[in-house]
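Remarks on the structure that follows.
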Amino acid sequence: MSLAEVIDTKALAQAVRAQAAGEVAQLKAEHGIQPGLAVVLVGEDPASQVYVRSKGEQSREAGMHSETHLLPADTAQEDLLALVEQLNEDPKIHGILVQMPLPRHINEKMILAAIDPNKDVDGLHVVNAGLLASGMPALIPCTPLGCMLVLRQTLGDLAGKRAVVVGRSVLVGRPIAQLLLQADCTVTIAHSRTVDLPGVCREADILVAAVGRPQMIKGDWIKPGATVIDVGINRVPFRDPVKAAAGKTKLVGDVAFKEAEKVAAYITPVPGGIGPMTVACLLANTVTAAKRINGLDG
Ligand code: NDP
């Protein structure tokens, strides 16, 4: 039995980062513009701390101006709004990313709405969501953008393919579906109320899992020869009772990988598949924002 090709996204993520670094150098040399990214973290969620550190390091490595604003968990909403306003006005900053989730006392929608859409490098402002849905140039959420780069590299032209996206979040499921539609796929968006989810998934030439449920999508839900993009990142205890008792955990995706690789033609791993693409695309988005803000194409 031949196993699916595990898509190696490392080289692609590296290429996206290198392209961003090259454009940063060019913007500095030709226009005196240094793209700037501000990342804001409220609270001390360990996973968010890791993501924020990585975003800061990679933006600096790409030659960007990089700021990380670490605020205590009890920061008042007005204070966070004031910081967003300050970053909106700051000419050194072209991209603003407020790390989600925010503490419960802060209204996430209100914070996202306060970010200048031209600096919204996470692509979550309703203006960018609307532009994307209208097929107009938008800042596109980083994870969906990364998924599309992986799919194009793996499959080339996507026109006519049947795509099923499991998950309809504003962050992942919806924008991926919009991008697949723009690429002329025939798209189904499935969610928690979908009837016969396994049957719907089995129709997919391209199956994107963005659910947040460990290994929910089984091997026999997958059409033989399909391409499987596993966006999910779930932390679970080890099966090994000794490791589990020691409180050790590991990361798994939304797809039961061992079963799926026996059926699919291509599959992304977790960890190491879509995750690295997300940060690389954040750099690309920051360059795009810096160009557009300065009236250069992008
Ligand atoms: P959300 O919780 O916002 O959305 C989950 C979606 O899955 C919802 O639309 C929900 O449906 C659907 N869903 C939940 N349970 C089921 C079910 N049993 N059957 C079918 N559909 C179901 O999650 P996100 O979209 O933010 O994230 C999804 C996953 O992707 C998470 O594991 C997250 O950690 C990961 N992620 C990974 C990133 C990366 O860089 N690789 C970046 C961002 C997220 P309904 O709308 O009906 O409730």
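No value in this document is a laboratory result; all are computed from the given coordinates. Note that the coordinates shown come from a computational prediction; the quantities given were computed from them, not determined experimentally. Quick reminder, even Gly has a Cβ in these numbers, built from the backbone with ideal geometry, and neighbours come from all protein chains shown.
Inside region 182-195, can you point out the residues that are more than 9 Å from the ligand (Cβ to nearest atom) and without any contact (Cβ under 8 Å) to a residue 40 or more places away in the chain? Of everything in region 182-195, those that are more than 9 Å from the ligand (Cβ to nearest atom) and without any contact (Cβ under 8 Å) to a residue 40 or more places away in the chain turn out to be Ala183, Asp184, Cys185, Thr186, Val187, Thr188, Val195. So which residues in region 251-298 are of a type in the set (D, E, K, R) and touching a strand residue (DSSP E or B) at 6+ places or on another chain (Cβ under 7 Å)? Result: Asp254, Glu261. Restricting the search to region 196-225, which residues are touching a residue at least 40 places away in the same chain (Cβ under 8 Å), small (Gly, Ala, Ser) and more than 9 Å from the ligand (Cβ to nearest atom)? Listed by number, the residues that qualify are Ala204, Gly219, Gly225. All told, Leu179 falls short of being more than 11 Å from the ligand (Cβ to nearest atom) and either assigned to a strand (DSSP E or B) or of a type in the set (Gly, Ala, Ser) (or both). Among the residues of region 132-168, which ones are small (Gly, Ala, Ser) and either more than 16 Å from the ligand (Cβ to nearest atom) or farther than 16 Å from Leu207 by Cα (or both)? Passing the criteria: Ala133, Ser134, Gly135, Ala138, Gly156, Ala159, Gly160. Taking region 15-38 as the range and being touching a residue at least 40 places away in the same chain (Cβ under 8 Å) and out of contact with any helix residue (DSSP H, G or I) (no Cβ under 6 Å at 6 or more places or on another chain) as the test, the residues that pass are Gln19, Ala21, Val24, Leu27, His31, Gly36.
Count of region 226-249 residues, restricted to those that are more than 11 Å from the ligand (Cβ to nearest atom) and surrounded by 14 or more Cβ atoms within 10 Å (Cβ to Cβ), is 5.
Let's see how each residue does on (1) farther than 26 Å from Ala18 by Cα; (2) without any contact (Cβ under 8 Å) to a residue 60 or more places away in the chain:
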residue: Gly253; (1), (2): yes, yes
residue: Lys258; (1), (2): yes, yes
residue: Thr288; (1), (2): no, no
residue: Lys291; (1), (2): no, no
residue: Asp297; (1), (2): no, yes
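Considering region 204-298, the qualifying helices (runs of 4 or more DSSP H), each wholly inside and each with 3 or more residues that are within 30 Å of His65 (Cβ to Cβ), run over 274-293.
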